[in-house]
1. I'd like the orientation of helix 314-324 relative to the chain: the angle between its Cα long axis and the longest Cα principal axis, in ° from 0 to 90, rounded to 10.
2. Collect residues whose amide H, placed 1.01 Å from N in the peptide plane, falls under 5 Å from the amide H of Arg477; neighbours closer than 5 in sequence don't count.
3. Under a point spin-label approximation (7 Å from Cα along Cα-to-Cβ), what is the Thr5-Ala405 distance to one decimal in nm?
4. Of Cys459, Cys480, how do they rank once you tally other Cβ atoms within 10 Å and put the fewest first?
5. Set the bar at 23 Å for Cα to Cα. Now go through Lys234/Lys439; Lys79/Lys428; Lys91/Lys446; Lys276/Lys439 and name every pair that lies beyond it.
6. Let's see if you can work this out: charge +1 on each Lys and Arg Cβ, -1 on each Asp and Glu Cβ, no other charges. What is the dipole magnitude of segment 330-473 about its Cα centre, in debye to the nearest 20?
7. Roughly how tilted is helix 265-275, in degrees to the nearest 10 and between 0 and 90, from the longest Cα axis of the chain?
8. If you add up the charges near Thr407, with Lys and Arg at +1 and Asp and Glu at -1, over every other residue whose beta carbon is less than 14 angstrom from its beta carbon, what do you get?
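FYI, it's all coordinate maths here, none of it is from the lab. Everything numeric here is computed off the predicted structure, so don't read it as measured data. Every residue, glycine as well, gets a Cβ built from its backbone with ideal geometry; the counts of neighbours run over all protein chains shown.
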Amino acid sequence: MWYKTAIFYELYPRAFMDSNADGVGDFKGLLSKIDHLVDLGVDCVWITPFYPSPLRDDGYDISDYFSVHPDLGTLEDLKAVIDRLHEYGIKVVADLVMNHTSDQHPWFIESRSSRDNPKRDWYVWSDSDQKYRGTRVIFIDTHDSNWTYDETTGQYYWHRFYDHQPDLNFDNPEVRAVMFEIMDFWLQLGLDGFRADAVPYLFEREGTNSENLKETHDFLKAIRAHIDKNWPGKILLAEANQWPKDTRAYFGDDDEFHMGFHFPVMPRLYMALKQKSRRSIVEIMEMTPEIPPGAQWCVFLRNHDELTLEMVTLEEREYMWEQYAPERRMRLNLGIRRRLAPLMDNDRSRIELLNAELFTLPGSPIIYYGDEIGMGDNIWLFDRNGVRTPMQWDDSPNAGFSAAAKTYEPVIDDEVFGYKKVNVQAQKADPDSLLNTLKHMIRVRKQYKAFGLGTFAFCLPDNDAVLAYMRAYENERLFCVFNLSDSEETAVFEMSEFVGKTPVNVLTGASLPVIQQANYSLTLAPYAYYWLRI
Ligand code: GLC
């Protein structure tokens with residue numbers, strides 16, 4: 001169960017490194033930068049879609065499941081990346097996009113060509129756009145229906161995302177069968193598993209919201225059974241943007257997903273800082289059910305999408321928008337298209353604090369490429385592209401990412417976040433840089449099994465601005481304390497169990513005063529955080 005103690009890294013291959021000066025990152029470039037991943041200490045890399053695609057949803061619109069996009073290189077180039085990462089003991093997972101294809105996929109081109117085409121039933125067609133009315137629209141900024149009319153055959157086709165991403169029909173056994181072929185193809189090549197995209201939406205049924213249906217779970221269980229039987233040790237990570245109890249269902253009884261993203265805790269980590277109160281974090285963690293012994297959450301601060309506000313209340317969403325996306329342009333669909341560092345006003349103490357929470361909450365943390373150096377964003381780019389700009393390696397032209405005259409999207413070069421200031425090379429050389437601080441956190445986290453395998457329990461002082469919890473595993477006790485406020489805060493903890501013990505800050509090695517009585521008092525500087533071994 002390597003995934004339970006692993007540090008994950010989300011890598012967007014177009015942004016990482018360009019080896020052939022065409023302005024787009026590629027596998028050969030990535031191969032040349034693997035030392036960065038090794039140095040950071042990550043255990044598993046999730047590479048976002050690299051399949052042939054018209055790139056109208058940045059590769060989540062696949063037109064061939066059995067090949068790689070020519071911009072990125074060849075299958076052999078990808079294989080070389082996987083092999084090299086494996087040499088360093090780093091696993092590799094990729095996206096498995098099952099719900100939909102590109103409308104340029106030959107399957108859909110056939111399907112839409114006539115009503116009696118053998119591929120017709122591979123997609124969801126209807127005479128009426130009034131079917132499945134209980135199903136929400138996800139990309140609300142661009143769509144007001146999940147149906148699009150197709151002139152050629154006079155019917156509507158179903159899509160949960162862009163209208164150029166028709167949903168596959170999972171009621172069709174051929175569609176289900178092809179998914180197994182796709183998985184086998186990539187696992188054979190050496191991948192260690194999949195981040196399964198948009199899994200709640202595979203089936204649709206009248207009278208439901210067409211999410212999390214029993215039919216969907218049954219199919220996903222079949223996929224897991226296939227992995228267990230043929231590919232033991234490989235994993236499935238669910239992208240199910242749902243409330244904790246609904247995501248819980250994707251773990252089954254250790255017979256569905258190994259991992260699932262914890263979506264709802266993410267916005268609350270941000271909210272708690274503005275509210276100077278742990279309340280929303282405590283609430284959501286208390287709503288989070290136990291998961292089976294083989295399962296693990298995946299926790300994150302940011303990813304390649306907008307910071308989603310689907311799993312908050314209406315008031316909380318308004319609050320988050322007001323606080324973190326004051327300009328309309330910063331908002332997208334039900335979220336915020338900004339990166340971590342700009343969201344924190346580039347304030348180092350808050351960026352560290354959020355990471356210190358990320359690395360100690362239950363689950364395996366995943367770092368979004370570029371956030372390890374505090375990269376900025378560009379809200380003026382189309383869709384979510386502003387958080388997918390070239391990786392900033394050094395202060396040379398194009399941030400050392402590419403020798404081309406023009407890159408696929410412009411490199412960030414503003415005063416605060418521009419590559420001249422924010423880059424890997426400079427941060428490597430500075431022992432106090434964000435990069436080195438995170439590296440250190442990762443190294444320390446790896447010394448304690450409690451973070452990946454331990455139990456989680458809140459230890460809440462009266463002071464609401466202080467978040468604290470105990471991670472425990474065998475004889476390890478790690479007491480994690482965070483000051484969510486911009487002022488100094490004092491908190492008194494109930495520590496009768498530990499009287500006589502001396503807490504040691506595992507990040508600095510410093511000892512704190514011995515715990516002399518049941519009430520243990522700590523004074524925390526603004527945004528201070530402690531990981532204390534007791
Ligand atoms: C997932 C991806 C997102 C994509 C969508 C449709 O939510 O994270 O980037 O647009 O699926 O495939």
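1. 70
2. Placed amide hydrogens put Ile534 under 5 Å from Arg477.
3. 5.3
4. Cys459, Cys480
5. Violating the 23 Å limit, Cα to Cα: Lys234/Lys439; Lys79/Lys428; Lys276/Lys439.
6. In debye, rounded to 20, segment 330-473 gives about 540.
7. So the inclination is approximately 50 degrees.
8. Counting the neighbours of Thr407, the net charge comes to -3.
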